[in-house]
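Take a look at the structure below.
The values are calculated or read from the model by the stated rules, or taken from the named source; none is laboratory data. The model shown is predicted, which means the values in this text are computed figures rather than measured ones. Cβ atoms come from the backbone with ideal geometry, glycine included; neighbour counts cover every protein chain shown. Surface areas here come from the heavy atoms of the whole protein model, side chains and all, with no ligands, DNA or RNA. Shrake-Rupley method; radii C 1.70, N 1.55, O 1.52, S 1.80 Å.
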Amino acid sequence: MHNVTTVAHPLIQHKLTLMRDKTTSTKSFRQLLREIATLLCYEVTRDLSLDSIEIETPLVTMQAPILSGKKLVFAPILRAGMGLIEGMLDLVPSARVAHIGLYRDPDSLTAVEYYFKAPSHLGERLVIVVDPMLATGNTAVAAVDRLKEHGAGDVRFVCLLASPVGLANLHAHHPEVPVWTAAIDPELNDHGYILPGLGDAGDRLYGTR
Ligand code: URA
């Protein structure tokens, strides 16, 4: 699939299976999502550009690589996106965070915005939107719309599970946004849930219903 990377790492696949299991506790679900987020973060940042700086080791002076450009931005879609953010910040602690409050209207399945707060200079930063579930794609499209309205130009998307419909919707609106996902599940049910999926990611993260 164009512009989509499925991260087939065995550790991710193993942890994802545990997350799908309905008997997995809230505590374990949250911990597993954090662990997978770190692994996905490693993949989505694989091609970040580097500068070279001069440093002194205890023995000699050397030219050494360092990340170039402004700090990158993680943009969790509230609330389930928050489940990925700590794991990503474990790997990139200096990243900035843009919070995007969107929920799916249960009847229309369209995205409704209730909060948006982002760091400055979005246009000079890599922005990585994070949401565990790319289902219909409507919230993902709305999140990228809002980030672009605020100047973002270099945007990537990280999720745990994607559906073919969601990927097609996101790329119909934002074809240049690459997606990293742990798996692509085949279908959605009538309520817009991914099948086989893992249920409602927000509810399973926070123990709500
Ligand atoms: N959001 C979820 O939490 N789960 C799905 O399956 C789809 C959207």
The percentage of the accessible area of the chain (probe 1.4 Å, all protein chains present) made up of carbon and sulfur atoms, to the nearest whole number, is 54 percent
Just how much of R146 is accessible, in Å², when a 1.4 Å probe is used and the result is rounded to the nearest 10?
50 Å²
Fraction of the pair-distance distribution of the chain above 29 Å, Cα-Cα pairs, percent
23 percent
Less than 14 Å Cβ to Cβ from T208, Lys/Arg counted +1 and Asp/Glu -1: what total charge do the surrounding residues give?
+2
I need the Kirkwood Rh of the range 71-115: take the reciprocal of the average 1/r across all distinct C-alpha pairs and report it in angstrom.
11.4 Å
To the nearest 20 debye, what is the magnitude of the charge dipole of the range 53-123 about its Cα centre, counting +1 on the Cβ of each Lys and Arg and -1 on the Cβ of each Asp and Glu?
160 debye
Which value results when the Cα radius of gyration for the range 71-173 is divided by 2.2 N^0.38 Å?
0.99
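Just the projected area, averaged over all directions, of the convex hull on the alpha carbon atoms of the range 1-84: how many nm²?
Across all orientations, the range 1-84 yields a mean hull projection of 9.0 nm².
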If DNA, RNA and ligands are ignored and the probe is 1.4 Å, what is the ranking of D200, D47, D154, D185 by accessible area, most exposed first?
D47, D154, D200, D185
When only the heavy atoms of the protein chains count and the probe is 1.4 Å, how do R156, R34 rank by accessible area, highest first?
R34, R156
Keeping all protein chains in the complex and leaving out DNA, RNA and ligands, what accessible area do you get for Y42 with a 1.4 Å probe, in Å² to the nearest 10?
130 Å²
Relative counts (whole %) of C-alpha pair distances in the range 120-200, using bins that are 5 Å wide
3, 17, 28, 23, 15, 8, 5, 1
Of F29, F116, which has the most accessible area and how do the rest follow, probe 1.4 Å?
F116, F29
How high is the FRET efficiency from S28 to H121, r the C-beta distance, R0 30 Å, rounded to 0.05?
0.20
Heavy atoms of T5 accessible to a 1.4 Å probe, total area in Å² rounded to 10:
60 Å²
Expressed in angstrom, Rg and Dmax over the Cα atoms of the range 96-143 are 11.9, 37
For H121, the net charge from surrounding residues (Cβ-Cβ under 10 Å; K, R +1; D, E -1) works out to +3
Listed pairs K27/K70; K70/K117; K27/K117; K15/K71 exceeding 23 Å between Cα atoms:
K27/K70; K27/K117; K15/K71
